[in-house]
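Below is one structure, written out as structure tokens, with a few remarks after it.
None of the figures in this text is laboratory data; all of them are computed from the coordinates on show. Quick caveat: nothing in here was measured; it's all calculated off a predicted structure. Glycine gets a Cβ as well: all are built from the backbone with ideal geometry, and neighbour counts include every protein chain shown.
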Amino acid sequence: MCVSIAEETELVIGIDLDERFAEAGTRLARERGVANLAFAQSDGCRLPFPDGTFDTVLSHAVIEHVADYRTYLRDAYRVLRPGGRVFLQTAPVLSPSGSHLPRLKVRVPLYLLVGRRAAYAAYRWIAANRPHWIDTPPEASSFLTAARNGRLKVDDVTYRVTVRSLRRAIRGAGFRIVREDLQVSGLARRCLPERVAALLPAVPFARDVLITNMEYLLAR
């Protein structure tokens, strides 16, 4: 992602807690001849950059893994120049994509039926004992990878995203919402009348289950 963006702008700095992403990104940038890209191993809640450094901040499928998400947003605001923009993407934790749980061949939303803790324990057991129940390629499932290595997958979704809580956090950090796109699941659009599906983003709880993607354009 960082390499692709660097091909369209003057300078990109990618950050992650894990150095392995920098190594892969550096290698890909070298192969593609991209020289305006750097990586920093850094905590997103304590960015090693002065105030007002960047025109744009991109956060794609990250905030749900940040326990202190309010500080995360405030620090993104801090390093953004006045008038700068943030693109923020995530999904509600009760939606299929936001749960970060692999799909089962039998489509049963365990996390909605028994709660996340019990569902997570069930998925770890399935990965270790019935891996063929999971409808995901082995190399694409962290549950299956952990089970093959004799480990238990740790739940790294530390912020239980809801539409309401994320809106509050965004405004609490000082941002202005320029655009909000809440994408209703294809299943809901197929099964419900169009007018009803269009109302789902305004319905508490239902939206946290049936919205599969949330995208925000934010301004300082």
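Computed from phi, the 3J(HN,Hα) profile of segment 35-42 under the Karplus parametrisation 6.51, -1.76, 1.60 (θ = phi - 60°) reads 9, 9, 9, 9, 10, 10, 7, 8 Hz, with x in place of Gly and Pro.
Projected over every direction and averaged, the convex hull enclosing the alpha-carbon atoms of the chain yields 13.8 nm². Taking every DSSP bridge with both residues inside segment 1-160, close to 10 percent are antiparallel.
Charge dipole (Cα centre; +1 on Lys/Arg Cβ, -1 on Asp/Glu Cβ; no other charges) of the chain amounts to roughly 940 debye. For Leu80, the amide hydrogen comes within under 5 Å of the amide hydrogens of Gly52, Thr53, Phe54, counting only partners 5 or more places away or on other chains and with H modelled in the peptide plane. Spatially, segment 147-220 and segment 51-118 are offset by 9 Å when compared through their Cα centroids. Scanning residues 5 or more positions from Ile15 or on other chains, those with amide H under 5 Å from its amide H are Ala40, with H placed 1.01 Å from N in the peptide plane.
Taking every alpha-carbon pair under 8 Å whose residues sit at least 6 apart, segment 44-190 reaches a relative contact order of 26 percent.
Under the criterion of Cα pairs below 8 Å and six or more residues apart, the relative contact order for segment 129-220 equals 29 percent.
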